[in-house]
Amino acid sequence: MERLLSEDLYLNPHRLSLCGKIILFNCKRASATSDSERSELIFRSLSFEREGSTFVKAADGAAVIGRKTSAHVDIVKCKCAINVQRRVTAACVLVTKKSETGESFQYSLLTLSSLNRLEPCIEFKLPYQMRESVSILHGPTVLWSHAGNVFYASLQAGEVRKVPIHLSNIVIGELPFHKEQVFVLGLKTEQCSDTQSTSQTLGYFVESGHVFDGTLILPNPYICITRCILVLSAEKVDNMLRSVLVSATSNQQLVYFENGIVKDVCQLPFEQPENIQVVDTGRNGCLFVVSFHQGHVCAVWKETFQVASCWSGVSSVHVDDFLGCGTDQILLVFKHEGKTGKPLEKFLLTDLCGISHSHGQDSETPNTLPPPPENNLLTLRALESRLQRGLTVLQELQQEVRVKDRVLQQSVQALTDAVSERETILTKHEQEGLIALWDFDEDESKDEALDDDKMEDMPAVSSKPHVDKLWHRFAAERMVVGVILTTDSSVPVAGVSLSILTETGQSSTPAVIQTQSQVFWLPAPCSSSSSSAATFSEPAAKRSKQHNVGRRNDLNTCRLAVTAVTRLTPLLNSGSVKCRVVLHYVQRQDALALMSNPTPAVLHCGQVPLDIHSDFQTQLLKNPEIKTDEVMEDLLSLMAVMDHWVIHIDSPDHSLGDIEGWIQRRVGCKRIEVMPQYLLLKSSGPSALMLLHWQQITPFQGELSVHSSQLQMLQFLDSLLAYLPVSCSIQPVKGTHGQRAAQIFSLALEKEVVSLRGCVSSLLCEGEEEVEERKIIGHEETPEPGSAEGLQRCRDVFQRDVERSKMRLSPLVDVKRYREFTQNMSKVQLDGDLAALLDTQRTLLG
């Protein structure tokens, strides 16, 4: 009996895969106890055995679906679908029974439970037989078309229903939503006049009955040629449907769509596609497996969108984790004519990435695919990218040409007016930071004479930083203290930090509170000329006006803000009413002065009251569009308290677009006028504040600076990725604060090598000088070679050469010079060790 069941089951079975197993279905007629007959639906699940590379039986069973001898039972379709009532994916089988008269057809959808039992799910009767495409979808839902209409039956509907919209060129798909998953796309034709008609692409959700714009999924021209689709992802943004899908067309093309726009096209090797499945191979990427009519199958790489392999003579293709390794494999079951009673006589199990198990395929040569045609879309993208880069360079050159033409026109006009003795009216050259050649020498001589007169009377300019303002803010459980300094850039400072000192009494020793300091560079007070001069290149006929470094508020004046953040608990426990703020810095002249000759300095900035009841009105949050000192202080305080990330964005294929405009269009985003490069994104709650700064490096690259919490940063990046092109790459940028420590370390090593080479060279040169002196002394008049005196002289010269060679190999060094050499090298090596320690600490903290 078992052998008879196997022969009936394996003769022409219907197959599907579920949970790494293959399930076979078939109908059979078995003799009952009486003379009557009954029809049964039999099934068997098979699991893969690696040792023998075969499929073995895991479970089997049967269910009676007809007891009348005249009833003709057949399987219409089998597929896996989600059962919404049990919230599991189940194997579904649709069977039909033809009545005795042949006027009606009874359809039953059965599901295979976890207990390996076939259970009825949906039953309905039709006056006709399903002949066109039938689909088993989410629900489960049975959907088919007949006589130009679309019908469906599901558990929720409980009956057969018709889609109320008359659509042609029907395409059926599923969206990954909790509701409104199954949809139908098609063309709706409307007659405008007797000779003209218009058609539009509409979509219809089966569960809810809602109608939507079908062009959001497929463009109108592709509806007529699309044979099957597979939706990869979908979401609703501002009540707009955004989707990513692939479709196989009758033009032998696999098309990749994003929001209804074609992004990539792959030429397929066969005609009449029927189904698309996706294979996740893990680290090796994803594949699209396309099944065709007459037993053809091909696989396409998702990343390159090129055909990976193809097969012919395939009975069925399945995608599942048959090996239980956590990734998907492709199971190709080939057609065979033998009736051996084995479950799968000829098959191939592979993922095209190293996994390959076959049975009955050893004697056959693998099918080879002709080289695929060149993907013209990739070529167009590369040309588009090059064109955009070329247009950017051309725009910059055109801007420079316009500036030069304007200067030349003004020069010619001035020359013509001078010849005609007319008054010349030109734009003010001060707006460009330029000065005429005939005015330059006179102004320069006046400035030099004035500077020479004032040089004797002017005292030496102090390199000590000047404290412009001291402020403090309270943010949650922390206090922020800030100082705005003005210093001379010719004498740079390093190691800038703030300390907070508390005193409980007059005789007590001040206690230092642990703080975390940051330094922010501020724009110079008088930088309008410099900024405008940097915008346009200098024409050849004019020169930039020189700036006197001795003047106040010139280009050598730097303004910086130093902030310190500390917790309120130690301050409140100290019992202090006021806290002193002390600035620490190191003045240096070169990169190695910090190690070799450190000059630590301390500057008392003032006192701040420790009054947590004081009402600080945050002007920045109320109105970021005003320009006041309080708003600047609020901004610096927020930047000191918030976490900071710098993200580099690179788009190799497309320009990035107006990212700053996209940020401004978000709800609650405003520009901060005191620092226009920063945007404030304010949502509900103080923890939702974000400070954003976008810097466009090139049309294809840029850096985004984000001040916020980590959660807010990740949520913002998730929204930004949906706006950016798919080919964009996002990389975090490490802070530049550690570059100075690495530079100091490299300079220290260089100084150590140079010192070692100089000391050794000086010691060796002394020995060489002594040898040369002896050599010069020996160069006297040479006697005749044959005499005894000449022979003795040759012996002396040879002996001196031997001694000189020994001294070069083992030179003798003066003890005093050697001590000086070791002392100098010890100092240099200590500087190198200190630089290495600073660089190591920077690496560990970074």
Label-point gap, in nm, between Asn149 and Lys188 - each point 7 angstrom along Cα→Cβ: 1.7 nm
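Can you give me the orientation-averaged projected area of the convex hull built on the Cα atoms of segment 189-341, in nm²?
Hull-based average projected area comes out at 13.8 nm².
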Accessible surface of Lys98 - all protein chains present, 1.4 Å probe, nearest 10 Å²: 90 Å²
Gain upon complete extension [Val646, Ser727; 0.36 nm per residue less C-alpha separation]: 27.2 nm
Cross-link pairs beyond the 24 Å C-alpha cut-off, checked among Lys21/Lys236; Lys77/Lys97; Lys79/Lys179: Lys21/Lys236
Point-to-point label distance, Arg161-Asn220, nm (Cα→Cβ direction, 7 Å offset): 2.9 nm
Potential extension, Trp662-Phe798 segment - 0.36 nm per residue separation minus Cα distance: 40.2 nm
Förster-model FRET efficiency, 45 Å R0, Arg478 and Arg242, C-beta, rounded to 0.05: 0.65
Hull shadow area, averaged, segment 632-731 [alpha-carbon convex hull, nm²]: 6.1 nm²
Amide H contacts under 5 Å for Asp74, placed H, 5+ residues apart: Thr96
Full-stretch length increase - Ile626, Glu820 - with 0.36 nm per residue and alpha-carbon distance subtracted: 63.4 nm
Mean Cα-pair separation over length for segment 113-272, i.e. relative contact order, pairs under 8 Å, 6 or more apart, %: 12 percent
Exposure of Thr54 as accessible area (Å², to 10), given a probe of 1.4 Å and all protein chains: 40 Å²
Net charge of Cβ neighbours under 12 Å - reference Arg242; Lys, Arg +1; Asp, Glu -1: -2
Residues whose placed amide H lies under 5 Å from that of Val278, excluding near-sequence neighbours: Val289
Prolate/oblate/rounded call for segment 95-211, Cα gyration tensor, a/c under 1.5 rounded: oblate
Cα-projected label distance for Ala382 with Ser762, points at 7 Å along beta-carbon direction, nm: 6.1 nm
Efficiency of FRET between Glu750 and Leu415 - r from beta-carbon atoms, R0 41 angstrom, step 0.05: 0.15
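The values are calculated or read from the model by the stated rules, or taken from the named source; none is laboratory data. Just so we're clear, the structure is a prediction, and the values are computed from it rather than from any experiment. Neighbour counts are summed over all protein chains in view; Cβ atoms, including those assigned to glycine, are modelled from backbone coordinates with ideal geometry. Calculation scope for accessible area: heavy atoms of the full protein, side chains included, ligands and nucleic acids excluded. Shrake-Rupley method; radii C 1.70, N 1.55, O 1.52, S 1.80 Å.
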